[in-house]
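None of the figures in this text is laboratory data; all of them are computed from the coordinates on show. Model, not experiment: these values are computed from the prediction. Cβ sites come from the backbone with ideal geometry, for glycine too, and all protein chains shown count toward neighbours.
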Amino acid sequence: MPINQPSNQIKLTNVSLVRMKKGKKRFEIACYKNKVLEWRNKIEKDLSNVLQIENVFLNVSKGQAAPKADLDKAFGKKPMEEIILEILDHGELQVGEKERGAELERTKNEVIDIVAGKLVDPRTKRVYTTGMIEKALDQLSSQTQAQQQEHKAGTETPDGEEKGKAAALPKWSGIVTTKSAKSQALFAMKALIAHQPIPVARMQMKLRVSCPTSVLKQAVKSAPKAQAEGEEKATTGTVKDTILAFMEKVESQDTMGAEWEAVGLVEPGAFKGLNEFIESQTKGRGNVEVMEMAVGADD
C-alpha cells in the first residue's frame with residue numbers, strides 16, 4: 001500500500017539553513033552551501049543560485065513547509081519573495097563545524113592577501129610574502145592573548161604611562177567570519193604598523209603633479225572626496241592646498257614659468273580622487289604622472 005506524505009512536506013538534503021524567529025514561530029529557508037555569505041557580501045546576485053527552493057519552512061529537516069496563515073500572521077500579507085529576502089538578509093545562518101572552518105580559512109586567506117599587497121619593507125621597498133604576513137599576525141594574536149590572560153590574572157606590571165600607551169595601540173586577536181575581509185585587513189595593517197613585529201610601512205605611490213599657476217590660488221569649486229582605504233579626506237581651501245592635502249609626504253615643489261609641479265607620495269586609494277580633482281579644477285590642463293607604483297612610506 002503506498003504511503004501518502006502530507007502535501008506541505010518537502011525533503012531537502014545538503015543545505016545551509018537561515019532561521020528567523022518571528023511572531024513566536026521559527027521560520028527557515030533552505031539555501032545552497034556557501035551561497036548565503038556570497039549573497040550578503042553582494043558577490044552572488046541571482047536569488048535562484050542561493051535558494052534550494054523558493055519556500056519558507058517551519059522545519060527544513062522534517063520537510064515541514066510554513067502554512068500561509070503563519071506567514072501572514074508573522075510577516076503581514078507580504079509576497080513570498082519579500083519574506084524570503086527578509087529571512088535571507090537578516091536571519092541567523094546555521095553553519096556546521098566543517099563549513100565554519102572552510103569559511104574561516106577563506107576569510108583568512110583573503111585578509112592576508114590584501115595585507116600582503118598593501119604593506120612593504122620600508123628599507124627595501126619590497127612586499128612581504130603571504131607566509132611572512134601570516135606569521136607576523138599570528139605573533140600579534142599570541143601577544144594579545146597573553147596580555148588578556150595577564151589582565152585576568154592581575155599580573156600586569158607596566159606603569160601608568162606605559163599602560164596607557166599600550167591600551168591605545170590596536171590589538172590584533174585573529175580572523176573572524178563575522179566581519180568583512182576588507183575591514184579586518186585594514187585593522188590588521190594598523191596593528192602591524194603600530195607594533196612592528198616585522199618592519200612594515202604602507203605601500204604608497206610616487207606621483208608628479210603639474211598644474212597651471214593661474215589656478216593654484218583659486219578656491220576649490222566643489223569639495224571632492226578622496227577615498228584612501230575607506231577613509232574620507234576633507235578637501236578645502238585653495239586648489240594648491242587641496243592637492244598637497246592628498247599627499248602623505250611632499251618631496252618637492254617647483255615653479256617653471258606658468259607651470260607648478262609637486263612630487264610626493266599618496267595612498268593608492270587616493271590616486272583616483274586626486275586625478276579627478278586635477279581634471280575638474282584645471283579643465284584638463286593639469287596632469288598626474290605615476291613615477292613609482294610602490295614606495296615605502298618611510299623611504
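Annotations
- In this structure, the residue pairs whose Cα-Cα separation is over 21 Å, taken from Lys25/Lys77; Lys42/Lys78; Lys118/Lys171, are Lys42/Lys78.
- Relative packing of 250-258, 49-57, 96-104, which averages over residues the other C-beta atoms within 10 Å, highest first: 49-57, 96-104, 250-258
- Segment 11-124 - Rg (one decimal) and Dmax (whole number), Cα, Å: 18.0, 68
- Rounded FRET efficiency, nearest 0.05, which uses the C-beta distance separating Lys73 from Gln139 and R0 of 51 Å: 0.40
- Taking only the C-alpha atoms of segment 58-142, the Rg (one decimal) and the largest Cα-Cα distance, Dmax (whole number), read 22.4, 68 Å.
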